Amino acid sequence: MRRPPALRTGDCIGVVAPGAVVEEHAVRAGVRVLERAGYRVRVGASVLKQSGYLAGRDAERLADLLDMFTDPDVHAILAARGGYGSGRLLPVFDPNIVQRNAKIFVGYSDLTFLLTQVVQRADLVAFHGPMVVGLDKNPEGAAGLVGLLSGDRAGWNLSATTIIQPGTTEGVIVGGCLSILVAALGTPYDIDTDGRLLFIEDVNEKPFRIDRMLTHLRQAGKLDGVAGVIFGEMAGCVSGPDERVTVRDVLCDAFAAARYPVVFGLSSGHGLGTTTLPLGVRARLAGERLSLLESPVAE
């Protein structure tokens, strides 16, 4: 697994929008955060375009993404936001271009489609972390993102909040947004979970829907050979007013017979989103503690 070069002050960060429409004022606010941190920022040509609910046509969004990978002046690529659309690019997304131009790539939510391909098909470490929109309202997340990408080891020791199944294990971290992982099942782009530490998070899904998606993953064999499972905050995943089942109830039931560690509450992605989680690096899960065993960037 290749590691992208670490980010240095003065480097150029490219901003792309592989999915949904982005509001200009929100992009500008996030760009200012990056500039104040000492970086140059280049906003992709299609970021502020609109084609229905997408940030430009598929060909425009793809061209932006590949242009950022091939431009030698760009050292890191951050998604502006998630929202539907990234999955439409997969049949024409060339992982060989990414492999030849190893650099930092960050996103979450719908970006799970692309992050999985960067890790599995381009053999490059990628990052499940804060996107440009919202950086101005997430100073802790922004600082953690910049620190980890710059080679700071302070972000190597992470923590969940709740142990669902105790234990200690090691493996390479993979995963992302649950609904996207499930949407990719049965396609050439589904995730390889065998022997991996599987990270799962989502937002605004009722507990029964989380149950349904976990059942789908299990029936597809994706939970059979995992080394362990790490859940995010599952922000907004609450029952209706006349229901009493919580998402924690669902997780406890779904993994009651698990022979591997399962934890809940790592803050990466939807919710507070303060943690940047590298995908494709080896880590140790011990109780609620997740510790990286290798640097996610080449220092």
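Would you confirm whether any residue within segment 48-60 is under 24 Å from P139 (Cβ atoms), at pLDDT 95 or above and not in a loop (DSSP other than H, G, I, E, B)? Steps first, answer last, please.
Step one: list which residues in segment 48-60 are under 24 Å from P139 (Cβ atoms), which gives none.
No, segment 48-60 has no match at all.
How many of the residues in segment 8-26 are within 26 Å of G151 (Cα to Cα), surrounded by fewer than 23 Cβ atoms within 10 Å (Cβ to Cβ) and either at pLDDT below 95 or in contact with a strand residue (DSSP E or B) (Cβ under 8 Å, 6 or more places away or on another chain) (or both)?
4
Return the residues of segment 126-175 that are part of a loop (DSSP other than H, G, I, E, B) and under 23 Å from A37 (Cα atoms); say none if nothing qualifies.
Across segment 126-175, the qualifying residues are G129, P130, M131, V132, V133, G134, N138, S150, G151, D152.
Can you go through A80, A143 and tell me which one is modelled with pLDDT of 95 or more and closer than 23 Å to L48 by Cβ?
Working: A143 fails: closer than 23 Å to L48 by Cβ.
Going through A80, A143 in turn, just one is modelled with pLDDT of 95 or more and closer than 23 Å to L48 by Cβ: A80.
Could you list, ordered by first residue, the pairs with Cβ atoms under 6 Å in which the first is in segment 260-280 and not assigned by TED's automatic domain parsing to the domain that holds V118 and the second is surrounded by fewer than 24 Cβ atoms within 10 Å (Cβ to Cβ) and modelled with pLDDT under 95, at least 6 apart or interchain?
Hits for this filter: G280/M1.
Going by the structure shown, is L124 under 28 Å from E23 (Cβ atoms) and of a type outside the set (F, W, Y)?
Values: under 28 Å from E23 (Cβ atoms): no; of a type outside the set (F, W, Y): yes.
So L124 does not fit the description; no.
Can you tell me which residues in segment 210-228 are under 16 Å from V263 (Cβ atoms) and part of a loop (DSSP other than H, G, I, E, B)?
L223, V226, A227
Filter segment 92-117 for residues that are touching a residue at least 40 places away in the same chain (Cβ under 8 Å), of a type in the set (A, V, I, L, M) and surrounded by 24 or more Cβ atoms within 10 Å (Cβ to Cβ) and give the result.
Scanning segment 92-117 gives I104, L111, L114, L115.
Pick out the one residue from G52, G83, G56 that is on the phi > 0 side of the Ramachandran plot, without any contact (Cβ under 8 Å) to a residue 12 or more places away in the chain and not aromatic (F, W, Y).
Exactly one of G52, G83, G56 is on the phi > 0 side of the Ramachandran plot, without any contact (Cβ under 8 Å) to a residue 12 or more places away in the chain and not aromatic (F, W, Y), namely G52.
Report, by residue number, each residue of segment 75-91 that is surrounded by 21 or more Cβ atoms within 10 Å (Cβ to Cβ) and either over 18 Å from the mean Cα position of the chain (by Cα) or not assigned by TED's automatic domain parsing to the domain that holds L34 (or both).
Once the filter is applied, which keeps residues that are surrounded by 21 or more Cβ atoms within 10 Å (Cβ to Cβ) and either over 18 Å from the mean Cα position of the chain (by Cα) or not assigned by TED's automatic domain parsing to the domain that holds L34 (or both), segment 75-91 yields only H75.
The values are calculated or read from the model by the stated rules, or taken from the named source; none is laboratory data. The structure presented is a predicted model; accordingly, all values stated were derived computationally and were not measured. Neighbour counts run over all protein chains shown; Cβ positions are idealised from the backbone, glycine included.
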